Amino acid sequence: MSRQTTSVGSSCLDLWREKNDRLVRQAKVAQNSGLTLRRQQLAQDALEGLRGLLHSLQGLPAAVPVLPLELTVICNFIILRASLAQGFTEDQAQDIQRGLERVLETQEQRGPRLEQGLRELWDSALRASCLLPELLSALHRLAGLQAALWLSADRLGDLALLLETLNDSQSGASEDLLLLLKTWSPPAEELDAPLTLQDAQGLKDVLLTAFAYRRGLQELITGNPEKALSSLHEVASGLCPRPVLVQVYTALGSCHRKMGNPQRALLYLVAALKEGSAWGPPLLEASRLYQQLGDTTAELESLELLVEALNVPYSSKAPPFLIEVELLLPPPDLASPLHCGTQSQAKHVLASRCLQMGRAEDAAEHYLDLLALLLDSSEPRFSPPPSPPGPCMPEVFLEAAVALIQAGRAQDALTLCEELLRRTSSLLPKMSRLWENARKGTKELPYCPLWVSATHLLQGQAWVQLGAQKVAISEFSRCLELLFRTTPEEKEQGAASNGEQGCKSDVALQQLRAAALISRGLEWVASGQDTKALQDFLLGVQMCPGNRDTYFHLLQTLKRLDRRDEATALWWRLEAQTKGPQEDATWSLPLYLESYLSWIRPSDRDAFLEEFRTSLPKSCDL
């Protein structure tokens with residue numbers, strides 16, 4: 001009777017093994033299928049078959065002769081499921097835990113031990129494998145999947161301890177994780193073992209590449225390009241899929257750019273472009289390199305190619321039914337050189353760089369294309385400017401209006417400003433509350449008052465260009481009326497209520513007031529009303545003492561009005577300000593405001609100040 005039972009058990013084991021092998025072959029056939037729907041259906045059928053087989057095996061008491069097959073089925077099931085889903089889930093961690101519990105059941109280690117965490121279960125299961133060498137190969141394969149899951153979840157401490165247990169190391173978790181991975185030596189698969197989708201050695205190679213890549217990229221992001229080079233070279237020299245190799249070469253190019261080796265950087269970026277069709281990251285990095293070298297033509301060409309590349313849908317081969325490096329990599333961080341954003345974000349970088357370089361006509365066209373691209377989709381939400389790489393919609397409108405004015409297309413700029421005001425009109429009744437938010441730095445549309453005021457400022461400048469002086473003065477006055485509805489918080493209060501956002505808002509508010517006062521003052525000067533201009537320039541000096549242009553225009557006006565003593569006193573203040581620290585120098589202004597301030601910055605300022613200095617009495621000229 002015992003012999004008959006053994007025969008029946010062996011027969012069942014053979015049938016289960018045959019089913020596992022058939023399903024693995026089916027998954028491999030699906031991988032090689034050129035038809036997407038057939039590939040997906042075959043793989044899904046294989047997954048369901050493995051699920052059913054695992055259910056059958058785990059419906060019986062755990063038995064040592066069956067465990068190697070059961071653990072293999074668990075591994076095949078997890079590999080196929082993770083590759084189809086392109087990621088790991090909590091269910092897969094539970095599958096691994098159940099497999100370990102089954103190993104311990106054969107050793108009669110039930111009860112409290114099964115309530116332990118996964119790390120403790122691994123310690124117990126690997127100790128048990130010393131008594132059951134037939135389980136060792138399957139357990140190492142399962143450990144490879146556990147390592148992949150923990151690496152993808154960034155649980156590096158648990159991963160290090162697991163590898164130490166696998167290596168039978170007593171050195172402590174502080175040992176270098178890359179060295180632990182290299183030291184891990186999975187046992188060779190037996191020739192008559194059940195078929196697997198991926199063996200332990202294959203998983204080890206993937207883990208080595210993925211970890212070295214993650215560490216290298218993190219070093220690069222945190223500003224250590226020299227350390228990043230070592231890890232990235234490790235990746236490039238290993239078994240690295242082509243899509244990942246493109247990213248590695250791009251990161252190596254970024255390292256060399258930051259280290260001051262532009263030629264080496266360029267070689268890696270060219271290699272990245274040759275390796276695959278994911279051209280976005282290397283093109284964006286190339287634009288940064290050319291910007292650093294001062295080659296504006298090449299920089300803009302790279303950005304134009306980037307916009308085109310992001311317009312083409314990226315097509316890659318269907319991933320194999322394996323745990324691949326890509327599955328273990330985090331999505332590109334915004335601070336990563338590999339994050340190239342969307343087509344609209346790339347278009348904005350191109351447009352803004354043209355504006356900064358003074359290529360107003362090109363900038364205007366790029367901005368209009370960008371707005372068409374953005375407005376063609378759903379109605380954009382008005383929200384605070386996000387982190388790089390792009391501003392919010394109202395700032396894109398304002399930058400576009402600046403580009404149009406600079407290109408001499410004042411009427412188009414007016415049309416754009418009217419559209420922006422129409423979109424913000426619903427917010428005007430809430431303006432007082434929004435001003436309060438702007439001062440406190442809260443997230444609810446803190447910049448809206450600046451946007452509306454800046455729109456009127458730009459409208460005024462457009463009317464100046466069209467020769468409508470009275471309308472221009474009216475728009476500047478409207479801008480100032482909105483701006484003077486609030487007073488910026490004192491610095492101590494601003495620091496207490498927020499931090500950086502509130503400070504930036506206050507600095508932009510001050511500079512916007514200065515811009516509006518100078519602009520209106522210049523129109524008073526143009527119409528021969530120096531007294532009114534004097535009032536605006538005086539107010540500008542009081543409201544924004546850090547803006548040197550207001551001092552200059554006030555000095556010019558005082559000289560014209562022959563108020564010599566006041567002009568001399570002001571010149572000395574301006575001299576002292578020049579030698580002292582620049583107020584608010586650490587805060588960057590929005591691009592539209594920086595561009596506008598450059599328009600009203602007199603080109604002859606230094607010559608005028610030198611002429612004024614030489615005209616001072618000798619006793620005053622120190």
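The values are calculated or read from the model by the stated rules, or taken from the named source; none is laboratory data. Note that this is a predicted model, so its numbers are computed, not measured. So basically every Cβ, Gly included, is an ideal-geometry build from the backbone, and we count neighbours across all protein chains shown. The accessibility values were calculated without ligands, DNA or RNA, using every heavy atom of the protein model including side chains. Shrake-Rupley method; radii C 1.70, N 1.55, O 1.52, S 1.80 Å.
Just a few scattered comments:
- Contact map, region 227-254: residues that are in the same structural domain as Val270 (by the TED database) paired with residues that are among the polar types (S, T, N, Q) and surrounded by 20 or more Cβ atoms within 10 Å (Cβ to Cβ), Cβ distance under 6 Å, separation 6+ or inter-chain. Pairs shown: Val235/Thr209; Gly238/Thr209; Cys240/Thr209.
- Scan region 306-320 for residues that are assigned to a loop (DSSP other than H, G, I, E, B) and under 28 Å from Ala400 (Cβ atoms) and the total you get is 2.
- Extreme residue, nearest to Thr455 (Cα to Cα), among residues of region 508-557 that are in contact with an Asp or Glu (Cβ under 6 Å, 6 or more places away or on another chain) and open to solvent by 10 Å² or more (accessible area, probe 1.4 Å): Arg520
- Here Leu191 meets the list (1) part of a helix (DSSP H, G or I); (2) farther than 30 Å from Met259 by Cβ; (3) without any contact (Cβ under 8 Å) to a residue 12 or more places away in the chain almost entirely, failing just condition (1).
- Restricting Arg39, Arg3 to residues that are open to solvent by less than 40 Å² (accessible area, probe 1.4 Å) and either outside the structural domain of Leu126 (by the TED database) or modelled with pLDDT under 90 (or both) narrows the list to Arg39.
- Region 98-108 - residue that is in contact with a Leu (Cβ under 6 Å, 6 or more places away or on another chain) and surrounded by 24 or more Cβ atoms within 10 Å (Cβ to Cβ) and, of those, nearest to Trp122 (Cα to Cα): Leu100
- With respect to the conditions (1) at pLDDT below 90; (2) buried (at least 17 other Cβ atoms within 10 Å of the Cβ), Trp184 lacks only one, and its number is (1).
- Candidates Val349, Val325, filtered to the one that is of a type in the set (Val, Ile, Thr) and open to solvent by 10 Å² or more (accessible area, probe 1.4 Å): Val349
- Taken as a whole, region 75-97 holds no residue that is open to solvent by less than 50 Å² (accessible area, probe 1.4 Å), more than 40 Å from the chain's Cα centre (by Cα) and closer than 24 Å to Leu149 by Cβ.
- Residue under evaluation Thr415, criteria (1) open to solvent by less than 40 Å² (accessible area, probe 1.4 Å); (2) of a type outside the set (Phe, Trp, Tyr); (3) modelled with pLDDT of 95 or more; (4) within 19 Å of Val471 (Cα to Cα), criterion not met: (1)
The rows are residues; the columns are (1) within 15 Å of the chain's Cα centre (by Cα); (2) at pLDDT 85 or above; (3) not in a loop (DSSP other than H, G, I, E, B).
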site	(1), (2), (3)
Leu322	no, yes, no
Leu327	no, yes, yes
Asp333	yes, no, no
Ser336	yes, no, no
Ala351	no, yes, yes
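- With respect to the conditions (1) of a type outside the set (Phe, Trp, Tyr); (2) over 26 Å from Leu322 (Cβ atoms); (3) touching a Ser or Thr at 6+ places or on another chain (Cβ under 8 Å), Ser254 falls short on a single one, namely (3).
- Flag for Ser336 being among the polar types (S, T, N, Q), in contact (Cβ under 8 Å) with a residue 40 or more places away in the chain, out of contact with any His (no Cβ under 8 Å at 6 or more places or on another chain) and not assigned by the TED database to the domain that holds Ser33: yes
- Taking each residue of region 342-355 that is under 14 Å from Leu373 (Cα atoms) and looking for partners that are of a type in the set (Phe, Trp, Tyr) with beta-carbon atoms closer than 9 Å, six or more apart or interchain, yields Lys347/Tyr367; His348/Tyr367; Ala351/Tyr367.
- Taken together, Glu301, Glu285 contain a single residue that is surrounded by 17 or more Cβ atoms within 10 Å (Cβ to Cβ), under 27 Å from Pro262 (Cβ atoms) and among the charged types (D, E, K, R), which is Glu285.
- Residue list for region 590-606, filter: at pLDDT below 90 and either open to solvent by 40 Å² or more (accessible area, probe 1.4 Å) or among the basic types (Lys, Arg) (or both): Arg601, Ser603, Asp604, Arg605, Asp606
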